[in-house]
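Before any comments, here is the structure.
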Amino acid sequence: MVTLDYKQLEGEALFYYYLLDHPDKEYASVIALLPYAVSDPDKAYELLAQAVRENRKFIAVYPGIEEVDTSRMDFIGGIIDGGLFLSEALEIDH
């Protein structure tokens with residue numbers, strides 16, 4: 001079995017890796033929101049590649065659902081009923 005090193009992917013290939021092949025399907029659903037948050041697929045692909053390089057994670061925040069401290073996160077854009085943020089660098093792999 002060949003193991004794919006997704007960190008070597010860029011652009012649309014990286015985006016579709018997350019949507020179709022990434023084992024964390026909940027996180028894949030967050031990645032699916034990225035083009036809506038920035039209204040530009042190319043910008044979405046660029047932000048995703050940057051997040052992978054910097055070991056950062058996208059987080060969907062919905063007011064009133066769960067309190068999330070976004071003070072140290074970057075706001076990416078609005079999504080239906082909430083906002084999409086990019087976390088600081090993480091110690092874990094996403």
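The values are calculated or read from the model by the stated rules, or taken from the named source; none is laboratory data. Keep in mind it's a predicted model, so treat the numbers as computed, not measured. Note that each Cβ is placed from the backbone with ideal geometry, even for glycine, and that neighbours are counted across all protein chains shown.
In the range 41-71, which residues are over 27 Å from Glu10 (Cβ atoms) and not aliphatic (A, V, I, L, M)?
Tyr62, Pro63, Gly64, Glu66, Glu67, Asp69, Thr70, Ser71
On the given criteria, is Arg56 among the basic types (Lys, Arg) and farther than 23 Å from His22 by Cα?
Working: among the basic types (Lys, Arg): yes; farther than 23 Å from His22 by Cα: no.
No, not satisfied.
Any chance the range 1-13 includes a residue that's surrounded by 13 or more Cβ atoms within 10 Å (Cβ to Cβ), in contact with a Phe, Trp or Tyr (Cβ under 9 Å, 6 or more places away or on another chain) and at pLDDT 95 or above?
no
Go through (1) surrounded by 18 or more Cβ atoms within 10 Å (Cβ to Cβ); (2) modelled with pLDDT of 95 or more and name the single condition Ser39 misses.
For Ser39, the failing item is (1).
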